[in-house]
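These notes concern the structure reproduced below.
The values are calculated or read from the model by the stated rules, or taken from the named source; none is laboratory data. On a predicted model such as this, the values are computed, not experimentally measured, just so you know. Positions of Cβ are generated from backbone atoms using ideal geometry, with glycine treated the same way; all protein chains shown enter the neighbour counts. All accessible areas refer to the heavy atoms of the entire protein, side chains included, with ligands and DNA or RNA removed. Shrake-Rupley method; radii C 1.70, N 1.55, O 1.52, S 1.80 Å.
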Amino acid sequence: MAKNRQFTIGWICPLPLEKEAARLVLDEEYPQEEVQYQNAYYLGGRIGKHQVVIGVQRRIGLSQAAILAEKMRAGFPNIRYFLLVGIAGGVPRYGPAGATSEIVLGDVVVSSPRGNHGGVLQYDKGAWEGEGRLNFRGHTNGVPGDLMAAVNNFRAEGSSQTNITEVLEQMRLRLDNDRQHQYDDPGPGRDRLFKDIYEHQGTELDDCRVCCDADYVESRADRGSGATRQVDKPSVHFGNIASSNQLQISAIERNRVQQEHDVICFEMEAAGVMDEYPCVVVRGICDYADSHKNKGWQNYAAATAAAYAKGLLAMIPTVDATCSAQSAEQSSSQHSANITNMTFGNNTGGIQARDFHGNVQFGRC
Ligand SMILES: [Zn+2]
């Protein structure tokens, strides 16, 4: 347990493939037998100046994420912050008419406040009222002020400073010959956004190249300059992440939730962690949250998310493990206090990002 106290950053991976990508961004990996709790092994190591412990969920879903976070906090009591890093489905575009942003496969989404939400919302949580209408009650806590400050500082440095390209190169250097191309950018030719009305024609195992009509594809070129990316230069987007226990594989439902809640990404874990722990969510986009969902981009999206998260960690000052647990309690109560005074939901004024920028200091005792 003594060694477990050195870790101050908890990194949650919903899927094993995300853990493998995370392993590649460690600057130093510790022996497995030194990083365990209750007969379960975790991946421990150093990223820059941070001591990071990485856990992978037994199964996907909100409750499994919450269970893993709870276990990690018990087993590694000095964890001050969590990063939830993995893959997700993205909306193809967002923003006001005339100034929309395009999300393409391989891009990265970071949980950030937008409109009425604090960065993550559970859109399938609420009360059934009236004529089969779910009255939304799924607000979660926002990204805590100190983590949000790091996100904003990193964002302010601009895309050239995210270092995703360089980190991806470093990750590949660590691969053996058999896996040399595991994290290659699949490229624009394999980025197929189908028109909303056109559903996947085969089984979930069938590749769209075989069963779906290419005439319904909007290529990156069709989508304009906003969808152009050079190899290994994904864009990073900041906004609300929709979290639920249901897999989102319908373009129509995706569009409805996006319109109603101003979200840019869909996944199944963040809401399980955000309500209880200071956490920022980083997601690589591997599909468009529609029926054409497939695995072709999962490894690359896991890699871009891990690469971004490594850069983000560099913006977070070192946490002192000797006083981290106490600070986490303070941070958590500060976090709750911040949220308590906010009005979510049907208010028309909206909550702006500045509301979430608290004055919490890093590493205080
Ligand atoms: Zn398809």
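How do the pairs read when you match residues in the stretch 81-95 that are open to solvent by 10 Å² or more (accessible area, probe 1.4 Å) with residues anywhere that are among the β-branched types (Val, Ile, Thr) and part of a strand (DSSP E or B), using Cβ under 7 Å and keeping only pairs 6 or more apart or on different chains?
Tyr94/Ile264
On the basis of being open to solvent by less than 40 Å² (accessible area, probe 1.4 Å) and more than 16 Å from the ligand (Cβ to nearest atom), does Phe154 make the cut?
yes
Here's a check for you: in the stretch 194-231, which residue that is outside any loop (DSSP other than H, G, I, E, B) and small (Gly, Ala, Ser) is farthest from the ligand (Cβ to nearest atom)?
Among residues in the stretch 194-231 that are outside any loop (DSSP other than H, G, I, E, B) and small (Gly, Ala, Ser), the one farthest from the ligand (Cβ to nearest atom) is Ser225.
For the stretch 1-65, give me every one of the strands (runs of 3 or more DSSP E) that falls completely inside it and has 1 or more residues that are among the basic types (Lys, Arg) and more than 29 Å from Ser244 (Cβ to Cβ).
43-47
If I filter the stretch 178-197 for residues that are among the hydroxyl-bearing types (Ser, Thr, Tyr) and out of contact with any Leu (no Cβ under 8 Å at 6 or more places or on another chain), do I get at least one hit? Even if it seems obvious, please write down each step before you answer.
Step one: list which residues in the stretch 178-197 are among the hydroxyl-bearing types (Ser, Thr, Tyr), which gives 183.
Narrowing the set further to residues that are out of contact with any Leu (no Cβ under 8 Å at 6 or more places or on another chain) leaves none.
No; the residues of the stretch 178-197 include none that is among the hydroxyl-bearing types (Ser, Thr, Tyr) and out of contact with any Leu (no Cβ under 8 Å at 6 or more places or on another chain).
Which of (1) assigned to a loop (DSSP other than H, G, I, E, B); (2) touching a Gly at 6+ places or on another chain (Cβ under 9 Å); (3) surrounded by fewer than 19 Cβ atoms within 10 Å (Cβ to Cβ); (4) of a type outside the set (D, E, K, R) does Pro234 not meet, given it meets every other one?
(3)
Looking at Gly239, Gly189, can you tell me which residue is more than 15 Å from the ligand (Cβ to nearest atom), open to solvent by 30 Å² or more (accessible area, probe 1.4 Å) and not in a loop (DSSP other than H, G, I, E, B)?
Exactly one of Gly239, Gly189 is more than 15 Å from the ligand (Cβ to nearest atom), open to solvent by 30 Å² or more (accessible area, probe 1.4 Å) and not in a loop (DSSP other than H, G, I, E, B), namely Gly189.
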